[in-house]
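Undergrad: Dropping the structure in here first, questions after.
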Amino acid sequence: MLLRRTNLTLATGEENRRLSCCNYTEKFRRLRLSRVVIGIREMRGADRISGLHDSILTHILSFLPTKDAVQTRRLSKRWRNVWASVPVLNFVSADFWSDDSSSSRSEKLECQDKFVKFIDAVLASRQVQQVDRFRLAWKYQVGNYPHHGHPVRRWIHYVVEQFPRVLSIYLEPRLDRIDIIPDLIFTCSSLEEIKLQVNYRVDHSIWLDRLNPMVVTLPHLRKLHLGHFKIEADFMDKILLGCPILEEVELYTCWLNISQISCGNLRSLVINGCYHLRVIEVSIPSLQYLKVTVMCSQPAEFVFKNMSSLVKASICLLDLNDVDVLIFDFGANILAGLLGVTTLDIVLCGLLAEDMLKHILWTCPLFENLKFINFESFDGCTTGCIDMVDRLVQHSPALKEVTVYGCQEEEMYGGKMKRGMKVKQAQQADEYVGGAMEEGEEM
């Protein structure tokens, strides 16, 4: 009898411990759940973004135009001064006015004055805050500024003193012939990327500014894009000597008064819509990508040499309808230095572009490494050039694929080119010609 009672007592104690453990677990679960519910309720009314560190907030604001970033000061006291520490400045005139023909000159002057005063106020409010990237896109300028008194000059002076990495400027000034771009840009040792365009919107070489700094010292510069400038041989020599690690150069709608481009470190070279009266010899052993636009009114040629590292080349043959007779009259010299490429793009734009292609491919060289050919005509049909393209195919023993843009498959002379050929619709002409640096978009 005693044994049974003892067992019963032991069993009852074990059960109590189990019940106690279960009750404790249930209480702990309920407590944890209540805390989660309370946390969710608190989060619903909390501003979690404002609780982030300043470095994160400034990074977020760096993706906005500066005008929008400044507006965040109205959100709360926490945001009042955050915008002033954003290391990226992005000023766009389109945020203040557009090219509206219905607007009077006085209205445009008023909007422009607000734009200039806004930039001055932002720069004054920042005091000595560092500027990592500075972008200015000023279109449709109205009003006159005195010589060396253009506001862009003082803005650049301010920014350069903050040691920026990236400087991007696109301007459409009035025809006042004043010096806007100061020479001190070319001695800013912190710059890694420079993009400059001063577009007077006049199709004549006299309305192109000439860059002529006394000294070029840009030890960290890797990318240089220039648009609508006169490029003299002296300036080009200074750039290539003063930028020891320069990797990418783009010249857009420039007047080139040079005879050669020679260096040992460039990887990418784009010469887009430029005019020159002298033969230009390009000798860059390190070059991997080359894009050149050749115009039918071009009296002088490009000669490419020592292109041992070149992988991809893009040649655009351009007729701007500014001449009735083909001035372009040099043969396959333009292809002689491109024999080692694996990808070749040929683009035709204009009525005389077919004749230009025939000049180039009349004595077609042998492309031993060429694997991919992309052929495109902006006029919408390439049937008149198929014989020339076929000639190129026959001189490319390693060819894998030919892609033709601009005509229907049934127009390809009964499928004459069978080897890996694809047929696609033509793109828009402005996607290739002149689209790279227009309005500073891709700057």
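The values are calculated or read from the model by the stated rules, or taken from the named source; none is laboratory data. Computed from a prediction, not measured in an experiment: that's the story for all the values here. Cβ coordinates were reconstructed from backbone atoms using ideal geometry, including for glycine residues, and neighbour counts include every protein chain displayed.
Undergrad: Within the stretch 235-245, which residues are assigned to a loop (DSSP other than H, G, I, E, B) and either of a type in the set (Phe, Trp, Tyr) or surrounded by fewer than 20 Cβ atoms within 10 Å (Cβ to Cβ) (or both)?
TA: Within the stretch 235-245, PRO244, ILE245 meet the criteria.
Undergrad: May I pose another question? If the requirement is being assigned to a loop (DSSP other than H, G, I, E, B) and either at pLDDT 85 or above or not β-branched (Val, Ile, Thr) (or both), which of these qualifies: LEU57, LEU52?
TA: Unique residue meeting the criteria: LEU52.
So that you can scan it fast, the table gives a plain yes or no per residue for (1) in contact (Cβ under 8 Å) with a residue 60 or more places away in the chain; (2) of a type in the set (Gly, Ala, Ser); (3) closer than 22 Å to ASN212 by Cα:
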| position | (1), (2), (3) |
| --- | --- |
| SER268 | no, yes, no |
| CYS274 | no, no, yes |
| GLN298 | no, no, no |
| PHE304 | no, no, no |
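Undergrad: Run down LEU241, LEU246, LEU226, LEU251 and say which single residue is among the aliphatic types (A, V, I, L, M) and over 23 Å from the mean Cα position of the chain (by Cα).
TA: LEU241
Undergrad: Scanning for something surrounded by 19 or more Cβ atoms within 10 Å (Cβ to Cβ), hydroxyl-bearing (Ser, Thr, Tyr) and more than 17 Å from LEU224 (Cα to Cα), does the stretch 251-271 turn up at least one residue?
TA: No, the stretch 251-271 contains no residue that is surrounded by 19 or more Cβ atoms within 10 Å (Cβ to Cβ), hydroxyl-bearing (Ser, Thr, Tyr) and more than 17 Å from LEU224 (Cα to Cα).
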